[in-house]
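The values are calculated or read from the model by the stated rules, or taken from the named source; none is laboratory data. Nothing here was measured: the structure is a model prediction, and the numbers come from that model. Here the Cβ positions follow ideal geometry from the backbone for every residue, glycine too, while neighbour counts run over all protein chains shown. For accessibility, only protein heavy atoms count, side chains too; no ligands or nucleic acids. Shrake-Rupley method; radii C 1.70, N 1.55, O 1.52, S 1.80 Å.
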Amino acid sequence: MKKILITIALCLPIGMQAQSIDQVLQSIEQNNKELQSQVQLNKAQKMENRTANNLPDPTVSYSSFYKNGAGPGHGTEFVASQGFDFPTQYITRNRQADLANEALDKQQQAVRRDILLKAKTFCLDLVLLNQEYALMEIRQKNADELEALYAKRLEAGDANILEVNKIKMERMNVQTEVAQNHAAHRTALQSLLAMNGNMPLEFSETTYPQVKEITDFNTLRDEVMASDLDLQALSFATKAAEKQVSVNKQDWLPKLQAGFRRNTDSEMSMNGFVVGGSIPLFSNRKKVQIAKAQAISAQLMQEDAQLQVENNLMALFNEMQQLKEAMNTYDVPLLYRSLDLLKQALQEGQISLIEYFVEAETVYKNLQARMQLENQYQKVMATIYKNEL
């Protein structure tokens, strides 16, 4: 772990300090390539939604014609016109585009939330790995002290070679676990750096952030359901689909056209206006029915998503309670005191080396189990409150 931290430090700008989880997430929000891509895609989709309300292209035509027979005669015709819809159609389409763009904004925020939640999960894993490494250092220190003690006892004839070998095997086991810890730490940190656009990060936290206490599921459900970005996106998408029904209904109105016309011949020229329109007898067939079906589908998708969010939240709430109860069964200060008492008892000859390792191994496993429970608890809480990222 020390080698890893030294390597990372060499790659960091001079004076860069260790960052908290919130600072890491802020950095990733600025540097993440996927999030930057999503911002540009969202901008393009919002502009595309607005193009449905554009005026059609103006038309310009020029004609030249001649009289039959041998007599002189030549005429021209120039027509410039612009088509447009009834003003109410532009207003309705504009409102529909507003709702569709609101849905896109919520979808983008949901993508941002998911990216930051993934990054926070890596941070929580790094906290666990740092805690486990600190425990391994204690274990390594105890093994080193025992090795020195039993080397002297071996020389004095108060210990045998089997006991010394047992201590050496303990040290080898610790070194193996340290190497595994290093590998897992390197993998999690590299994943975090990739999410940060390979920009440097310094993270060495060994404690988790404070989380809000949850006591009542109904209160939590109301809070989460109101803030869930996926549900908000679906709500705006449903409203946009319902507004699209109104848009398609108004598409039955005639399309209008107005313009300028100029006719000339060998004797005179005339200027005038062009007014016309078209009735959408065929182009709008079944579009209203299609829009209604899409609106119903959007509504059903929203209702299904609400059920899924509530069910997932209930599962997370139950898991959180179980993890919290399991965590409370561990007396962490007592476990650390037990390690000191075991070492003292061994040094004073009150217990054998085998008894020490059996009892110490149980303490180490309990401490590690407590750390893993807390890590799972923090991940569950992060998922519950993911919309606050």
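From the list Val224, Val247, which one is out of contact with any Leu (no Cβ under 7 Å at 6 or more places or on another chain), open to solvent by less than 40 Å² (accessible area, probe 1.4 Å) and touching a residue at least 40 places away in the same chain (Cβ under 8 Å)?
Val247 is the lone residue from the list that is out of contact with any Leu (no Cβ under 7 Å at 6 or more places or on another chain), open to solvent by less than 40 Å² (accessible area, probe 1.4 Å) and touching a residue at least 40 places away in the same chain (Cβ under 8 Å).
Take the residues of the stretch 181-221 that are among the small types (Gly, Ala, Ser) and not in a helix (DSSP H, G or I): which is least open to solvent (accessible area, probe 1.4 Å)?
Selected residue: Gly197.
What number of residues in the stretch 302-323 are open to solvent by less than 40 Å² (accessible area, probe 1.4 Å) and either outside any helix (DSSP H, G or I) or of a type in the set (D, E, K, R) (or both)?
Residues meeting the conditions: 0.
Please determine, by comparing only the residues of the stretch 260-296 that are polar (S, T, N, Q) and in a strand (DSSP E or B), which one is farthest from Thr76 (Cα to Cα).
By that ranking, first place goes to Ser278.
Could you check Ala326 against (1) touching a helix residue (DSSP H, G or I) at 6+ places or on another chain (Cβ under 6 Å); (2) open to solvent by 60 Å² or more (accessible area, probe 1.4 Å) and say which number it fails?
(2)
I'd like to verify a number: residues in the stretch 93-152 that are closer than 20 Å to Ala183 by Cα, of a type in the set (A, V, I, L, M) and open to solvent by less than 40 Å² (accessible area, probe 1.4 Å), how many?
8
Does the stretch 252-286 hold any residues that are under 27 Å from Tyr62 (Cβ atoms), surrounded by fewer than 13 Cβ atoms within 10 Å (Cβ to Cβ) and among the aliphatic types (A, V, I, L, M), and which are they?
Selection gives Met268, Met270, Val275.
Any chance you could count how many residues in the stretch 88-121 are more than 17 Å from Thr383 (Cα to Cα), within 18 Å of the chain's Cα centre (by Cα) and among the aliphatic types (A, V, I, L, M)?
2
Condition check: at pLDDT 85 or above, over 30 Å from the mean Cα position of the chain (by Cα) and among the hydroxyl-bearing types (Ser, Thr, Tyr). Does Tyr66 satisfy that?
Against the criterion (at pLDDT 85 or above, over 30 Å from the mean Cα position of the chain (by Cα) and among the hydroxyl-bearing types (Ser, Thr, Tyr)), Tyr66 does not qualify.
Which residues, taken from the stretch 227-244, are open to solvent by 40 Å² or more (accessible area, probe 1.4 Å) and either under 24 Å from the mean Cα position of the chain (by Cα) or farther than 24 Å from Ser278 by Cβ (or both)?
Hits for the stretch 227-244 are Ser227, Asp230, Gln232, Leu234, Phe236, Lys239, Glu242, Lys243.
Output the residues belonging to the stretch 346-373 that are out of contact with any helix residue (DSSP H, G or I) (no Cβ under 8 Å at 6 or more places or on another chain), among the aliphatic types (A, V, I, L, M) and open to solvent by less than 60 Å² (accessible area, probe 1.4 Å).
Ala369
Six or more apart or on different chains, Cβ atoms under 9 Å: show the pairs whose first residue is in the stretch 309-322 and touching a residue at least 40 places away in the same chain (Cβ under 8 Å) and whose second is open to solvent by 30 Å² or more (accessible area, probe 1.4 Å) and hydrophobic (A, V, I, L, M, F, W, C).
Cβ pairs passing all conditions: Val309/Met225; Glu310/Met225; Leu313/Met225.
Give me the pairs: first residue in the stretch 369-389 and touching a residue at least 40 places away in the same chain (Cβ under 8 Å), second residue of a type in the set (Phe, Trp, Tyr) and surrounded by fewer than 20 Cβ atoms within 10 Å (Cβ to Cβ), beta-carbon distance under 6 Å, and six or more apart or on different chains, which are they?
Here the result reads Arg370/Tyr330; Gln378/Tyr208, each pair linking the stretch 369-389 to a residue that is of a type in the set (Phe, Trp, Tyr) and surrounded by fewer than 20 Cβ atoms within 10 Å (Cβ to Cβ).
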